[in-house]
Amino acid sequence: MFKQIILKLKSRLPFITIVLFVIGVLVIAEVKRYKLKYSGKYTIGYTVSTYQTMANGTMVQYYYKINGQLYKESDHFKSQTRIPARYLVVFYRYSPDLSRLLQEEPIPPQVKFAPKDGWEKIPDWAKK
């Protein structure tokens, strides 16, 4: 009986592996979203280029600076995003390399710089 259970599990192993992988990816994405939502700070990000990936499609590369440290990251490209341009970036206050480019929030021309450690809350000009 134990052998039959093992054989059934072995035959379903590829399916179980795929399901566990998808669950893992979803959990990681949700943890990132949670961290940025509840412990995020904001700064100015600069889009510099796009590139293609097989798995994720078109990505946009951007950089931002926190406390003198330069961070280079990528995010999914949205069609309205311009390059080069400045957009709002939300980053995790305890690990600034975790971030997301808010491509729907271009930086207005009158905003010249962000505080060196970022804004605590989303700036008023970005609230809709």
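Here is how the numbers come out for the structure above:
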read-out	value
Cα-based Rg and Dmax for the chain, where Dmax is the largest Cα-Cα distance (Å)	19.8, 73
Around residue 48: net Lys/Arg minus Asp/Glu count, Cβ-Cβ under 14 Å	+2
C-alpha long axis of helix 2-39 to longest principal axis of the chain, angle in °	10 degrees
For the range 83-96, Karplus couplings with θ = phi - 60° (6.51, -1.76, 1.60), whole Hz, Gly/Pro x	9, x, 6, 10, 9, 6, 10, 9, 10, 7, 4, 9, 7, x
Label-point gap, in nm, between residue 110 and residue 55 - each point 7 angstrom along Cα→Cβ	4.4 nm
Computed [θ] at 222 nm, deg cm²/dmol, the chain (DSSP H ≥ 4; -39,500 (n - 2.57); rounded to nearest 500)	-11000 deg cm²/dmol
Relative contact order (%) - criterion: Cα under 8 Å, at least six apart; region: the range 2-118	24 percent
Once exposed loop chymotrypsin sites (Phe, Trp or Tyr not before Pro) are cut out (DSSP; at most 13 other Cβ, 10 Å), longest piece of the chain	1-93
Built amide H within the under 5 Å cut-off of residue 102, gap 5+	88, 89, 90
Order of 39, 79 - criterion: other Cβ atoms within 10 Å of each residue's Cβ, fewest first	79, 39
Gyration tensor (alpha-carbon) shape descriptor, the range 25-74, a/c threshold 1.5	oblate
Full-extension gain in nm, residue 125 to residue 25, via 0.36 nm per residue minus C-alpha separation	32.6 nm
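Every number in this text was worked out from the coordinates using simple rules, so none of it is lab data. Only a predicted model underlies this, so the values are computations on that prediction, with no experimental measurement involved. Virtual Cβ from ideal backbone geometry, glycine too; neighbours counted across all protein chains shown.
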